[in-house]
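The values are calculated or read from the model by the stated rules, or taken from the named source; none is laboratory data. Please read all numbers here as calculations on a predicted model, not as lab measurements. Cβ placement follows ideal geometry from the backbone for every residue including glycine, while neighbour counts extend to all protein chains displayed.
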Amino acid sequence: MTATRIILADDHPIFRDGLRRLLLRALPGSHVLEADNFPRVIELANRDAPSLFVLDLHFPGFALETSIFALRRDYPASSILVVSMDDEDETIERVMGQGADGFVSKAASPSAIGSAIASVNEGDIVVVDAKAAAASHIETDGNELAQLSPRQKQILHQLVLGHSNKEIARELEISPFTVRVHVSTLFRLLGVKSRAAAVAAAKDFGF
C-alpha cells in the first residue's frame, strides 16, 4: 500500500514539528515532507504531487490572493488544508473561495486538528475556527436555522440530499468555489466542523 504523501508548510519549526506529529497520528504511515517557504512547496509538489497540502497562511513566498488557487489549478487531485491563527470570517471565506478543502484555527485542540486532517484527507470539507471549536461543547436550540439566508438554506438542503459540491453547483447554477464558500459559512453558523455534522444538525432541527 502506497503511503499518503503530505507536504507540510510552516516557517515556525516548533509548530511545524507538532503538526507533523499530529499528521502521523491522524494518518499513520504517511510520508510527511516539510517546507518553510512556498517555492520549496512547489519544488516538492513537482517531484510528486501529494495527497494533501497542509499550509499556514503566513510564510515566505505564500500569497493568499494567488497561492491556494495555483495549487488547486496545478494539483487538482490533491486536498488542501490551511492551519492558521488568522481565523477571521473574511479570511476563511477567501481561503475556501480560492479552492481549499478545509481550514482549521491553530487555536483548536490537537484532537480537533487531527480530526480535520483525517476528514479532509477523506475528501470532506472542514472548517474549524476558534468560535466553532469553543461552540463544540455548547448545545444548540435550533435558532441557527433562522439566521440562514435563502441561498444557505438551499445549500443545506442539497447537503441533506447527499449531493457533492459539483452536483450542488450544477443544480444551483453556481461555481464549485462558490459552493465551498457557502458550505464553510454554514459550518460556522451551525457551529459544526464537517459536512456530516451539518447534515446531522439540520435533521436534528427538523430541516
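Some values worked out for this structure:
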| read-out | value |
| --- | --- |
| Those residues of the stretch 141-187 which are outside any helix (DSSP H, G or I) and under 21 Å from ARG94 (Cα atoms), in sequence order | LEU148, SER149, SER164, GLU173, ILE174, SER175 |
| Residues of the stretch 142-155 satisfying the condition of being at pLDDT 80 or above and closer than 24 Å to VAL104 by Cβ | LEU148, GLN152, ILE155 |
| Conditions (1) more than 27 Å from ASP17 (Cβ to Cβ); (2) out of contact with any strand residue (DSSP E or B) (no Cβ under 8 Å at 6 or more places or on another chain); number of the one not met by GLY99 | (2) |
| One residue from GLY114, GLY61, GLY99, GLY123 being outside any helix (DSSP H, G or I), in contact (Cβ under 8 Å) with a residue 60 or more places away in the chain and assigned by the TED database to the domain that holds ARG16 | GLY99 |
| Among (1) among the aromatic types (Phe, Trp, Tyr); (2) in contact with a helix residue (DSSP H, G or I) (Cβ under 6 Å, 6 or more places away or on another chain); (3) surrounded by fewer than 18 Cβ atoms within 10 Å (Cβ to Cβ) - the single one PHE69 does not satisfy | (2) |
| Residues that are in contact with a Gly (Cβ under 8 Å, 6 or more places away or on another chain) and at pLDDT 80 or above, drawn from the stretch 156-180 | THR178, ARG180 |
| Pair list, Cβ < 9 Å and 6+ apart or interchain, from the stretch 184-195 residues that are over 17 Å from ARG151 (Cα atoms) to residues that are among the acidic types (Asp, Glu) and assigned to a helix (DSSP H, G or I) | GLY191/GLU144 |
| From VAL54, VAL82, VAL41, residue being in contact with a Leu (Cβ under 8 Å, 6 or more places away or on another chain), part of a helix (DSSP H, G or I) and closer than 17 Å to ILE6 by Cβ | VAL41 |
| Residue within the stretch 94-108 that is buried (at least 17 other Cβ atoms within 10 Å of the Cβ) and of a type in the set (Asp, Glu) present | yes |
